[in-house]
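Working notes, structure below.
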Amino acid sequence: MEQQIVKVKNKKGVRVIPGFGLSMGVTLAMLGCFILIPLASIFISASKMSFQEFTEVVTSRQVMSGYLVSFSCAFLAALINGVFGLILAWVLVRYEFPGKRIMDGMIELPFALPTAVAGISLTFLYSDQGWIGAAFDKIGISIAYTRIGITIAMVFVGIPFVVRSVQPVLEKLDRQYEEAAMMLGAGRTRTFFKVILPELFPALLAGFGLAFARGIGEYGSVVFIAGNIPFKTQIAPLLIMSKLEQYKYSDATAIALALLLVSFLLMLFINSLQIYMQKFSKA
Amino acid sequence: MSKKAAALLFCILVVSCLAGCGSDSGKKKGDGTELLNVSYDPTREFYAEYNEIFNEYWKEKGGSDVTITQSHGGSGSQARSVIEGNEADVVTLALAHDITAIENSGMIEEGWMEELEGNSAPYTSTIVFLVRKGNEKNIKDWDDLVRDGVEVITPNPKTSGGACWNFLAAWAYEQQNGKNQQETEEFLKKLYKNVLVLDSGARGATNTFVENGQGDVLIAWENEAYLSLETHPDEFEIVTPSVSILAQPSVAVVDKNARDHGTEELAKAYLEHLYSDDAQRLAGKHHYRPSNEEILKEFSDKFDLEMNLVTIDEFGGWDEAYETYFQDGAVFDQIYAQ
């Protein structure tokens with residue numbers, strides 16, 4: 001009996017998860033119910049307004065400045081996360097030290113913590129009365145209620161993405177390459193930039209992209225640390241909220257749609273870059 | 001076989017999802033003893049106590065035990081949740097504007113504002129200043145807020161309905177002092193120049209001022225200012241300006257839901273009982289000004305009854321005021337236009 005079953009399975013080819021059709025069905029259902037249909041509703045909602053109305057809303061000066069603040073701060077935050085996330089991942093993979101497991105677990109806290117809690121505690125720390133903020137205030141830098149504060153909140157929510165993207169690749173990276181590079185006379189800097197970094201770069205880029213996207217959409221933590229002053233520290237998601245508060249649903253979805261499109265294009269660009277890099281590094 | 005199974009599973013998933021959604025938003029016919037009160041943030045403690053008073057009263061009248069559930073959040077987002085299907089029997093919100101939005105969706109019948117006394121506002125409040133103990137910057141009235149070096153904290157009226165009252169109170173001060181439109185606009189421009197942080201909601205602004213130590217003065221609802229005094233005794237003082245606005249948090253029965261739940265009578269009684277002497281005193285205890293003049297006088301040592309309180313009617317009612325001052329591109333946006 002058993003043999004027969006094995007035979008039947010073999011005819012179709014053995015797969016770990018049974019049935020491509022079944023798993024594809026589940027995939028489509030999940031994608032449909034949780035991503036595509038909600039996103040489509042944004043398009044439908046926004047399509048209620050004419051193209052002219054749409055452009056008027058999304059190109060109004062306040063909205064444009066909101067986009068500028070969101071994108072620039074998210075970009076900066078993602079860059080910072082790229083550098084420090086790499087270092088963090090490096091330390092967690094390459095060294096053994098007491099408390100490493102705990103530290104490793106802590107990386108994910110920003111995922112678990114409600115963003116409003118993060119925002120409130122960050123503001124408390126970084127305002128000119130807070131522990132860290134007071135020190136910076138003495139040298140004339142205010143952090144909370146400025147774009148620096150917004151960036152810090154985005155760094156906080158984005159860091160796990162970079163660390164978790166880089167970590168597995170770093171773990172698999174064969175140390176023999178480094179040793180070989182060293183033996184062939186490459187210095188530390190050269191080994192890092194010519195041997196290690198090219199291997200890590202696609203993963204780093206993926207982490208960067210995720211952190212960037214997360215920063216653009218971040219609302220909960222940023223509203224507390226941003227001063228929300230129009231044209232200065234007002235982020236795009238806040239403008240969406242302010243439209244909702246005025247019961248202007250279509251305006252809100254218009255801003256969201258523009259945000260979504262730009263983010264999508266950026267992610268597409270980052271992903272293509274990543275694929276290109278991967279091919280390049282294999283060649 | 002596997003394709004069929006996949007198709008079947010997909011269908012089951014979709015159908016069950018739809019069915020799930022359906023049963024959630026479907027009409028749950030209650031037995032008329034459950035009441036959902038959708039309210040806004042600072043009324044939590046007041047309604048918790050009021051629900052007990054009401055339950056007693058209702059049982060005395062021969063009704064059965066009622067279970068009252070409260071929901072709290074920002075006034076605007078609470079109103080939106082009701083429009084989008086939150087099964088509230090009654091709404092007790094910060095602004096008539098938010099209830100009008102529910103009315104526009106067809107869930108509340110027209111004329112709700114005339115249904116109960118005082119524009120359906122059983123308790124009122126006003127806008128006052130919260131300053132740090134000692135009042136070092138010597139803030140007494142609205143014109144002190146535009147002085148150089150005074151840092152003001154107030155939420156953004158475009159994201160916080162309650163903050164509209166703050167803006168209008170300052171406006172009323174200038175108007176009462178005989179200033180014309182242009183002078184008033186200049187005054188508000190100066191005032192908002194002094195605003196350090198424009199939080200998205202009243203709770204956020206209080207947090208910025210109280211916990212994070214930002215600014216010299218918080219423009220706040222009187223009841224919220226008292227709450228801050230309660231939680232931080234000896235750290236703050238309340239300053240009452242000479243002119244302010246009568247803030248009327250409104251209440252209404254959500255007719256459509258109450259009809260579906262069979263709670264029309266209960267919901268009506270729930271709101272009407274807010275005008276009873278006990279409930280009025282309770283409102284006073286929770287720092288709201290009772291709408292009953294006699295009971296308000298009992299609290300004369302707590303509330304400054306000498307303030308000149310302008311009503312929203314001076315601005316032509318809520319909808320007109322909102323249109324004039326807070327619509328996109330209107331007066332408030334002009335203040336920040338570069």
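Computed from the coordinates by the stated procedures, all read-outs in this text should not be read as laboratory data. Since this is a predicted model, take the numbers as computed values, not measurements. Every residue, glycine among them, receives a Cβ derived from its backbone with ideal geometry; neighbour counts consider all protein chains shown.
Restricting the trypsin sites (Lys or Arg not before Pro) of the range B:33-105 to loop positions (DSSP other than H, G, I, E, B) with no more than 15 neighbouring Cβ atoms within 10 Å leaves B:LYS61. Across the range A:205-240, the residues whose backbone nitrogen lies under 12 Å from the label position 7 Å along the beta-carbon direction of A:VAL262 are A:216-217, A:235-237.
As a length-normalised measure over Cα pairs under 8 Å and 6 or more apart, the relative contact order of the range A:50-282 settles at 32 percent.
I want to make sure I understand the PRE zone here: with the label point 7 angstrom from the Cα of A:SER142 toward its beta carbon, which residues in the range B:201-230 have backbone N atoms less than 12 Å away? Only B:214-216 fall inside the zone, counting backbone N under 12 Å. Dividing the mean sequence gap of close Cα pairs (under 8 Å, 6+ apart) by how many residues chain B holds gives a relative contact order of 24 percent. Go through A:MET30, A:GLY19, B:LEU305 and say which Cα lies farthest out towards the positive end of the charge dipole of the protein assembly as shown; charges sit on Cβ, +1 for Lys and Arg, -1 for Asp and Glu. Working it through, the farthest residue towards the positive pole turns out to be A:GLY19.
Answer with one residue from B:LEU296, B:LEU191, B:GLY262: the one whose Cα lies farthest towards the positive end of the charge dipole of chain B, charges on Cβ with Lys, Arg +1 and Asp, Glu -1. Positive-most Cα among the choices belongs to B:GLY262.
Note on B:149-162: average number of Cβ atoms from other chains within 10 Å of each residue's Cβ is 3.
Taking chain B as a Gaussian network of alpha-carbon nodes connected by springs under 10 Å, the highest mean-square fluctuation of the residues B:ASN292, B:ASN104, B:ASN177 belongs to B:ASN177. Summarising the label geometry, the points placed 7 Å from Cα in the beta-carbon direction at A:ALA135 and A:ARG94 lie 2.6 nm from one another.
Each DSSP beta bridge with both residues in the protein assembly as shown is either parallel or antiparallel, and the antiparallel ones are about 50%. Assuming charge only on the beta carbon of Lys and Arg (+1) and of Asp and Glu (-1), the dipole of the protein assembly as shown about its Cα centre is about 5240 debye to the nearest 20. Summing Lys and Arg as +1 and Asp and Glu as -1 over all other residues whose Cβ lies under 13 Å from the Cβ of B:ARG44 gives a net charge of -3.
Distance from the Cα centroid of the range A:31-46 to that of the range A:51-89 is 22 Å (rounded to whole angstrom).
Here the relative contact order of the range A:157-283, from alpha carbon pairs under 8 Å that lie six or more residues apart, stands at 29 percent. Sorted largest first, the principal axis extents computed over the alpha-carbon atoms of the protein assembly as shown equal 91, 69, 55 Å. Full extension of the segment from A:PHE192 to A:THR27, taken as 0.36 nm per residue of separation minus the current Cα-Cα distance, would add 55.5 nm. Placing +1 on the Cβ of every Lys and Arg and -1 on the Cβ of every Asp and Glu, with nothing else charged, gives chain B a dipole about its Cα centre of roughly 1380 debye. Measuring r between the beta carbons of B:ASP141 and B:LYS285 and using R0 = 35 Å, the FRET efficiency lands at 0.80. Label-to-label distance, B:GLU183 versus A:SER250, with points set 7 angstrom from Cα along the beta-carbon direction: 4.2 nm. The range A:125-161 and the range B:79-121 have Cα centres spaced 41 Å apart.
What fraction of the DSSP beta bridges in chain B is antiparallel, stated in percent and rounded to the nearest 5? Once the DSSP bridges in chain B are tallied, antiparallel ones form about 50 percent. Calculated mean residue ellipticity, 222 nm, chain B: -13500 deg cm²/dmol, from DSSP H runs (n ≥ 4) at -39500 (n - 2.57) each, averaged per residue and rounded to 500. Take the Cβ atoms of B:GLU60 and B:LYS297, set R0 to 25 Å, and the FRET efficiency comes out at 0.35.
The distance between label points at A:PHE269 and B:ALA337 comes to 3.3 nm (points 7 Å beyond Cα on the Cα→Cβ vector). For a paramagnetic label modelled on B:ASP31 (point 7 Å from Cα along Cα→Cβ), amide N atoms under 12 Å away belong, within the range B:40-65, to B:64-65. In the elastic network of chain B, a GNM with C-alpha springs shorter than 10 Å, the most mobile of B:ASP41, B:ASP144, B:ASP234 is B:ASP234. Report note on the peptides B:164-170, B:241-247: ranked by the mean count of other C-beta atoms within 10 Å, highest first, their order is B:164-170, B:241-247.
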